[in-house]
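Inspection log for the structure reproduced underneath, given as structure tokens.
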């Protein structure tokens, strides 16, 4: 069955349907891959996605920093689904690799010839005691959920004095550098308002350096010094007391703990693969994160050759980001087409990722790097990691248009 663009297939069925390719997840990964597969001649593609809205998450940091409106990050899922792709507006709850079926929340089943698993990551708010309550309290927020990103800017622009705490958890998260972006945008705003000297800014970072990429670290450390930010390296928040407005920060190197009062808390939660995915046979045995066990170069499952994964839910070695996903989609699409034809897999993903750091309200430090955090600039010998206005224009103005008009259509 092939539907016109914007028409979801009926999700509430109890029987079984079959598609040549089933894609679990209608985010960046699923939609852009579906568009690319169609361009490569794969006609029977279905995308399983329950959400009626599609969200461009890189703008969430700009929303939290007061440099974008929430409406600019949202479009109807029907509007971005490639024409001819069957959108099944339902949720996946299980995969049976032996039977080659996907179980749906409505009770139905989908049979597949090839399966691509890319449902993204879930936000594990409850892994840090008190965090879920804190971000919903009057003094807490997070730019990892759209409504909380809008709230974050309300809190940050209203702060005239006191302590603002920005946190990042340990473990895999989507776009790890995004944890810092609203902090820099807020600091630049406070500086322009003449109140930065009255605000104590604390960044809690679980890693040994501010990011880990040579050149980028130097630029970020310079910015941190200019704003007077207190950087807590090798540290993470272990508990939050929303009523008292305090966080307990543990230094993982020394084991020492520090209780810190905050007036505004912008927190990034721990993250993992969806619980239903953890319960399948797709993750590697013992992988607590539940990510799909794939060859990091071919993106094909190491035990089930008709299953593939990309994006945040894949157990690849790269830093998870939209830029990484764009390259992965090209590799996976070409490899999947070759596999259907019984041909050797022609493409390899090289571990590339990218993170644009919005270090002011008009400049960006553009980090491009590999899976060992080695610099990997798109333009050789050009120091794209240097703070620049041009990088801001690319990140804030050009990338969203490329996303909506090219990437989701499988053309970039």
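Where a number appears in this text, it was derived from the coordinates with a stated rule and is not lab data. These numbers come from a predicted model, not from an experiment. Methodologically, a virtual Cβ is constructed for each residue, glycine included, from the backbone with ideal geometry; neighbour enumeration extends over all protein chains shown.
Relative to the longest principal axis of the Cα atoms of the chain, the long axis of helix 322-340 makes an angle of roughly 10 degrees.
Ranked from highest to lowest mean number of other Cβ atoms within 10 Å per residue, what is the order of the peptides 42-52, 276-286, 337-347? Show your work: numbers first, answer last.
On the way: 42-52: 19.2, 276-286: 15.9, 337-347: 13.3.
Averaged packing, sorted descending, gives the order 42-52, 276-286, 337-347.
Between segment 312-373 and segment 127-146, the alpha-carbon centres lie 30 Å apart. Between residue 405 and residue 372, the FRET efficiency from the beta-carbon distance, with R0 = 30 Å, is close to 0.35. For the chain, DSSP calls about 50 percent of its internal beta bridges antiparallel. Using a simple spin-label model with pseudo-atoms 7 Å out from Cα toward Cβ, residue 43 and residue 389 lie 5.3 nm apart.
Packing-wise, with mean Cβ within 10 Å as the measure, how do 367-378, 172-183 rank, highest first?
Taking the mean over residues of other Cβ atoms within 10 Å, the ranking is 172-183, 367-378.
Axis angle, to the nearest 10 degrees, between helix 181-193 and the longest C-alpha principal axis of the chain: 40 degrees.
Mean-square fluctuations from a GNM of the chain, with a 10 angstrom spring cutoff on Cα atoms, peak among 59, 231, 185 at 231. In summary, the convex hull built on the alpha carbon positions of the chain has an orientation-averaged projected area of 19.4 nm². Taking only Cα atoms and a 10 Å spring cutoff, compute GNM fluctuations for the chain and point out the largest among 125, 87, 153. Top of the fluctuation ranking is 125.
Expressed as cubic angstrom per residue, what is the convex hull volume of the alpha carbon set of segment 125-271?
Working: hull volume 15.1 nm³, N = 147.
Spread over its residues, the Cα hull of segment 125-271 gives 103 Å³ apiece.
Placing a label point 7 Å from the Cα of residue 348 along the Cα-to-Cβ direction, the residues of segment 360-402 with a backbone N closer than 20 Å are 369-378. The distance between label points at residue 20 and residue 71 comes to 4.1 nm (points 7 Å beyond Cα on the Cα→Cβ vector).
The antiparallel fraction among DSSP beta bridges confined to segment 125-271 stands at about 45%. The calculated FRET efficiency for the pair residue 208 and residue 341, based on their C-beta separation and a Förster distance of 51 Å, comes to about 0.65.
With respect to the chain, whose longest principal axis is taken over its alpha-carbon atoms, helix 28-39 is tilted by about 40°.
Could you calculate the contour length gain from residue 51 to residue 239, that is, 0.36 nm times the residue separation minus the distance between their Cα atoms, to one decimal place in nm? Working shown, then result.
Working: separation 188, 0.36 × 188 = 67.68 nm, distance 3.15 nm.
Length difference between fully extended and current span is 64.5 nm.
Result for the chain in a Gaussian network model with C-alpha springs under 10 Å: among 348, 127, 330, the largest mean-square fluctuation is at 127.
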